[in-house]
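What follows is one structure encoded as C-alpha cells, with my remarks underneath.
The values are calculated or read from the model by the stated rules, or taken from the named source; none is laboratory data. The model shown is predicted, which means the values in this text are computed figures rather than measured ones. Glycine also receives a Cβ, built like all others from the backbone with ideal geometry; neighbour counts cover every protein chain displayed. The accessibility values were calculated without ligands, DNA or RNA, using every heavy atom of the protein model including side chains. Shrake-Rupley method; radii C 1.70, N 1.55, O 1.52, S 1.80 Å.
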Amino acid sequence: MSQFATQKSITNILEKAHEKGKTIGLITGCFDILHIGHVKMFQFAASKADLLVVGVEHDETIKRAKGENRPINIYEHRLHILAELRSIAHVFLNDEVYDYGSKAAEQVHQSILRKISPDFVMTHPTKDVTLIQKRKQLAEMGIKLIEFKNSDNLSSSKLLDKIIRLENLN
C-alpha cells in the first residue's frame, strides 16, 4: 500500500530515498476514473524506478480543464484509490489550482519537479496537452522524460461518455 504525503513531506521522504541511491519516477494527472490504461502505465513506470510517486490534480484544476461535471471522484477519493495500488510508493495532492497550458501550470510543475527531484517523469504522449512544453522544461532541468505508449486508447473521459450513452439508452 502506498503512503499519502503532502508536497512538503514528500520532499523529506524523497531526499532520504535519493541519499540511499533510490531512483524516483513521477507521474501527475487527474486519475478521475481509474482504468486498465492507468494501471499499465503505473506498472511500467514502477518497473523503471525504485519508487513511483504519483501527483493528483486538484478538483478545481480538473474542473477548469474538463468541464463543470468533472471530476467525478473528489481528490480525497482519488488519492485513497491510488494509494491502494502496490506499484505506487507515494501519492500526493497537487493542491495548486491552475489552467492547463498556462504559465502558472508551468511554474507549479517546475516547483513540484524541484521538490521531488525525480529521475524521470512518465507521460502518455497522445493525452498530454502540454507535451512540448514538458519536454523542454524537463530537458532544461536534466530530468528524463519517458513516454508511455499504450495501444488500448482508453481514457476516463471516453469511459464517462460511454456510461452516459448507455444511461441514455435506458
Top-ranked residue in segment 76-129 [being among the aromatic types (Phe, Trp, Tyr) and under 22 Å from Asp50 (Cβ atoms); ranked as nearest to the chain's Cα centre (by Cα)]:
Phe92
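Hey, any hits in segment 21-29 for a residue that's outside any strand (DSSP E or B) and either farther than 15 Å from Pro118 by Cβ or of a type in the set (A, V, I, L, M) (or both)?
Checked segment 21-29: no residue is outside any strand (DSSP E or B) and either farther than 15 Å from Pro118 by Cβ or of a type in the set (A, V, I, L, M) (or both).
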Residue hits (segment 77-111; open to solvent by 50 Å² or more (accessible area, probe 1.4 Å), closer than 23 Å to Asp161 by Cα and either in a helix (DSSP H, G or I) or modelled with pLDDT of 95 or more (or both)) are His77, Ile81
Picked from segment 112-122 (must be part of a helix (DSSP H, G or I) and among the aliphatic types (A, V, I, L, M)), the residue nearest to Lys134 (Cα to Cα) is Leu113
What number of residues within segment 44-76 are under 26 Å from Asp161 (Cβ atoms) and hydroxyl-bearing (Ser, Thr, Tyr)?
2
List the number of the failed condition for Ile62; all other conditions in (1) assigned to a helix (DSSP H, G or I); (2) open to solvent by 40 Å² or more (accessible area, probe 1.4 Å); (3) within 24 Å of Ala105 (Cα to Cα) hold.
(2)
